[in-house]
Amino acid sequence: MKEKKLSYKNRLIVFFLMPCWAVIIGSLTQSLINRSWLSLDEFLIYVLFCFGFYFLYPYFYKREFLDVFLTSCAASLPEKLSVHRGYFIFHTIIWIVVATIMGLTN
């Protein structure tokens, strides 16, 4: 069986846009909880954590990843957002929860 590969558009979404969204959401949440901007050390650790999570995501959650990005590979981002709404909502909420926990433990 021939293995499908991610298109350039899907690689951009998975490995750049989603981690950037996670960093923005997490940084804002953590900054609101702490009532100050993140220090450079905390910010860089958070960025590495988010990008690392999304680089390892296809290996740990293969079924969801294949469903969203390989079976509907020709769909545009707005179409993916409307069809797989729960997937993207989950990834927004998980980063808000992670940032809340990190903000409360500091």
Legend entry - Residue list for segment 1-35, restricted to those being under 26 Å from LEU66 (Cα atoms), of a type in the set (Gly, Ala, Ser) and either in contact with a His (Cβ under 7 Å, 6 or more places away or on another chain) or part of a helix (DSSP H, G or I) (or both): ALA22, GLY26
Inset, instruction - Go through segment 36-65 and count every residue that is within 23 Å of HIS84 (Cα to Cα) and assigned to a loop (DSSP other than H, G, I, E, B). - result: 1
Legend entry - Of all residues making up segment 15-36, the number that are farther than 19 Å from VAL97 by Cβ and surrounded by 12 or more Cβ atoms within 10 Å (Cβ to Cβ): 3
Inset, instruction - Would you mind stating whether VAL68 is modelled with pLDDT under 85 and in a helix (DSSP H, G or I)? - result: yes
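The values are calculated or read from the model by the stated rules, or taken from the named source; none is laboratory data. These numbers were taken from a predicted model, which means no experiment stands behind them. Glycine also receives a Cβ, built like all others from the backbone with ideal geometry; neighbour counts cover every protein chain displayed.
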